[in-house]
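Data first, discussion second: the structure below is written as structure tokens.
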Amino acid sequence: MKRSIIGLFLFIIIGQISFAQNSSAENEIKVLSKAKWQWMADKNVDKLASLFHDKAKFVHMSGTWKKDEELEIIKSGSIWYKDADVKDVAIELIDDTAIVWSRITLTAFVRGNDVVNEFTVTEVYKKNRKQWNLLALTFSSVRDTHIIKH
């Protein structure tokens, strides 16, 4: 009986520690994703260069490209991510990988005009040692009624 109680107690403690670690990692990713939007708005390519994995891919409405192209697009302002109004965020952690789904209204300056689009953005992050790196960022055009299932 004593062993059963001790086993149950250890199971509960380990479960709470695991939950706290996941909650902490989820919060860390949520903060990082939000910072990324600000860095994109500020055209801070130095911060973004260290966040983006060297083999990262970016899927937009007009094409797919790699890290260097995305950084050049941001630096040159050919797409200026002026404001990402994040409406909802869902995060899934799988080992050292985090997937973030965000519902956003994006205001961007493209080809000389401000444009506003509704997107669900999918971000994939991988933790390398102590740093998270973005592996993929995909914009999916959606209606403003689109809902992310949590």
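Overview of results
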| read-out | value |
| --- | --- |
| Charge context of Ile91, other residues only, Cβ under 9 angstrom, K/R +1, D/E -1 | -1 |
| Percentage relative contact order, the chain, counting C-alpha pairs under 8 Å, at least six apart | 19 |
| FRET efficiency for Lys126 and Thr105, using Cβ-Cβ distance with R0 set to 41 Å, rounded to 0.05 | 0.90 |
| Check: the chain dipole with +1 on Lys, Arg Cβ and -1 on Asp, Glu Cβ, in debye | 500 |
| Full-stretch length increase - Lys47, Ser24 - with 0.36 nm per residue and alpha-carbon distance subtracted | 6.1 nm |
| Tail weight of P(r) past 28 Å, computed on alpha-carbon pairs of the chain, percent | 27 |
| Virtual spin-label span in nm between Arg143 and Leu93, 7 Å along Cα→Cβ | 3.5 |
| Rough spin-label spacing in nm, given labels placed 7 Å along Cα→Cβ, for Asp114 and Thr64 | 3.3 |
| Cross-link table Lys36/Lys126; Lys55/Lys127; Lys30/Lys67, entries beyond 19 Å C-alpha to C-alpha | Lys30/Lys67 |
| Mean residue ellipticity (222 nm) of the chain, computed from DSSP H runs ≥ 4 via -39,500 (n - 2.57), nearest 500 | -13000 deg cm²/dmol |
| Cα→Cβ-extended label distance, 7 Å offset, between Lys75 and Lys34, nm | 2.9 |
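Every number in this text was worked out from the coordinates using simple rules, so none of it is lab data. Remember, predicted model here, so these are calculated numbers, not experimental data. In this analysis, Cβ positions are derived from the backbone assuming ideal geometry, glycine residues included, and neighbour counts consider all displayed protein chains.
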